[in-house]
Amino acid sequence: MIKYMLNDFYEHINSFTYRGRNSLDFGLVVESKTGVYGAPVPIVETVRVPGRGTLILNNKVDPLDNEEYEDIEIRFTCHVLPDPEQDLHILARKIYAWLYGSVEFARLEDTYEPNYYREAYIGQQSSVEDVAAALAGKIEIPFTCRAFKRHVAGDEVITLTAAGTIYNHEQYTSKPAVTLYGSGSAVLYINDRQISITGIDGHITLDSELFEAHKDGTRQNTALTSQVFPRLVSGVNAVSWAGNVTRVEIIPRWVSL
């Protein structure tokens, strides 16, 4: 009975997961999440031209790309589950190592939006003593996040063995990773975009986020006749190919604001 009550309790409280660890692993319960409902700020670069006024520069690397936006801040307000045997200073050291031990973008998930995650990091300076003091009451944990969040379904592999369509349910263009299996030369078609590839030996991956073609981590950008990479626009995307290709695997990486 007690086990059932505990399971029900944990299912109805909020938490977040960062760098592979859940806040409840440290007894941290999320009371509120702020900063997610404001409109992201677009990055706009302008130039003033005599006789024409102010013009907005288009700095897109690819014409199909989304507009760029400033990073956003998401802040979790948490408290520690009561435990009379808990040493808050020891807990603070563990939490500090988890949250502040590495300043780099990592996956951030929470129970408020279970179908999405963000790339985030904590850039604000703190100390073990600061964390220990905050744990006595409420602790605020601020994350700097990329504006676009990712749908968890966008990490799933879509396999095509013949021409087909892929539907992007989000309203924004995604930058997929596309792996072609086969040999020799091939041409990949996605909607009106054509990508020619030479020298395929088993397989090759086109990573649109990294602007890189590689096989098992070894760069093969010279296999591309142009530096155009796949994009999946909102709605229907027609995918086909020509050449000695047996199958195509696509990690779509769906994004949304």
Review point. What are the GluC sites (Glu not before Pro) within region 116-180 that DSSP puts in a loop, where the Cβ has at most 11 other Cβ atoms within 10 Å?
Key: E156
Point to revise | Which label in (i) 1.07; (ii) 0.99; (iii) 0.96 gives the computed Rg/Rh (Cα atoms, Kirkwood Rh) | key: (i)
Exercise for review: Only loop residues by DSSP count here, and only those with at most 16 other Cβ atoms within 10 Å; note down the chymotrypsin sites (Phe, Trp or Tyr not before Pro) in region 65-119 that meet that.
Suggested key: F105, Y112
Check your understanding: By how many degrees, between 0 and 90 and to the nearest 10, does the Cα long axis of helix 88-100 differ from the longest principal axis of the chain?
Key -> 10 degrees
Study note, to complete from the structure: From the cross-link list K60/K215; K60/K149; K149/K215, the entries with a Cα-Cα span beyond 21 Å are K60/K215; K149/K215
Practice item. Tell me the trypsin sites (Lys or Arg not before Pro) within region 111-192 that lie in a loop according to DSSP and have at most 16 other beta-carbon atoms within 10 Å. Key: K138
Point to revise | Degrees, to the nearest 10: 2-11 long Cα axis against longest axis of the chain | key: 50 degrees
Revision key, fill the gap. Restricting to aspartates and glutamates and to Cα separations under 14 Å from K138, and discarding same-chain partners fewer than 8 apart, the set is E31, D130
Review point. What does the helix-only formula give at 222 nm for the chain: each DSSP H stretch with n ≥ 4 adding -39500 (n - 2.57), the total divided by the residues, and the result rounded to the nearest 500 deg cm²/dmol?
Key: -3500 deg cm²/dmol
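Every number here is computed from the coordinates shown, using simple stated rules; none is lab data. Here the structure is a predicted model, which is why all the values come from computation and not from measurement. Cβ sites come from the backbone with ideal geometry, for glycine too, and all protein chains shown count toward neighbours.
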